[in-house]
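Have a look at the structure below before the remarks.
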Amino acid sequence: MRVFRIAVPASDVNRARAFYERLLAVEADDTVPTRIYFHCGEVIVAVVDWSGRPFEPTPDHLYFATGELDAVHARALDAGAREVTPVETQPWGERSFYCLDLDGNRLCFVDETTRFLGRGAAWT
């Protein structure tokens, strides 16, 4: 079994499209009218049009691994991400930063060479 798609709500899908295209440096796939797909490796991030419905951002972070963490951090600032933290090395060894998208959805970007996957790795 594997995860193949994760949905992220957006209050304005066109504004979210511009944000995520800039942030992820991935062209949007808009073949579905009510959502926009961003193909991130084997997982699709589906930005879903939530306009006109009661809106709550995602309750926890959506994590992305990248080989260009510093460049993504710069793009997050440029794209208008909110509450962007500095790039830091976490106690468990990941080099990462956190931010909010335009709707307050929680995002984390991790250097792919330092990502913590569990499986008994020591980090304390």
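Since every read-out is calculated from the coordinates, none of them should be taken as a lab result. The shown structure was predicted, so the numbers you read here are calculated from the model rather than taken from an experiment. A quick note on method: Cβ atoms are made from the backbone with ideal geometry, for glycine too, and the neighbour counts reach across all protein chains shown.
For the range 60-123 and the range 1-42, write down the distance between their C-alpha centroids in whole Å. Comparing the Cα centres of the range 60-123 and the range 1-42, I get a distance of 18 Å.
Counting only DSSP beta bridges with both residues in the range 1-64, what percent are antiparallel, rounded to the nearest 5? Percent antiparallel among DSSP bridges in the range 1-64 is about 55. When 3, 45 are arranged by Cβ crowding within 10 Å, least crowded first, meaning fewest neighbours, the order is 3, 45.
Based on the alpha-carbon gyration tensor of the chain and its eigenvalue square roots a ≥ b ≥ c, which shape applies: rounded if a/c is under 1.5, prolate if not and a/b is larger than b/c, or oblate? Cα axes put the chain in the prolate bin.
Loop-located GluC sites (Glu not before Pro) across the range 1-108 with a Cβ neighbour count of 11 or fewer within 10 Å are 27, 42, 83, with loop assigned by DSSP. Residue exposure proxy: 77, 23, 100, ordered by other Cβ atoms within 10 angstrom of their Cβ from fewest to most, comes out as 77, 100, 23. Against the main long axis of the alpha-carbon atoms of the chain, helix 69-79 sits at an angle near 30°. How much of the DSSP bridge set in the range 2-124 is antiparallel, in percent, rounded to the nearest 5? Within the range 2-124, antiparallel bridges account for around 60 percent of the total. Here r is the Cβ-Cβ distance between residue 53 and residue 88 and R0 is 41 Å; the resulting FRET efficiency, rounded to 0.05, is 0.70.
Would you mind counting up the charge near residue 58? Only other residues with Cβ under 10 Å from its Cβ, with Lys and Arg at +1 and Asp and Glu at -1. Write down the numbers at each step before the final one.
Numbers: positive: 106; negative: 56, 60, 101, 103.
Net of charged neighbours comes to -3.
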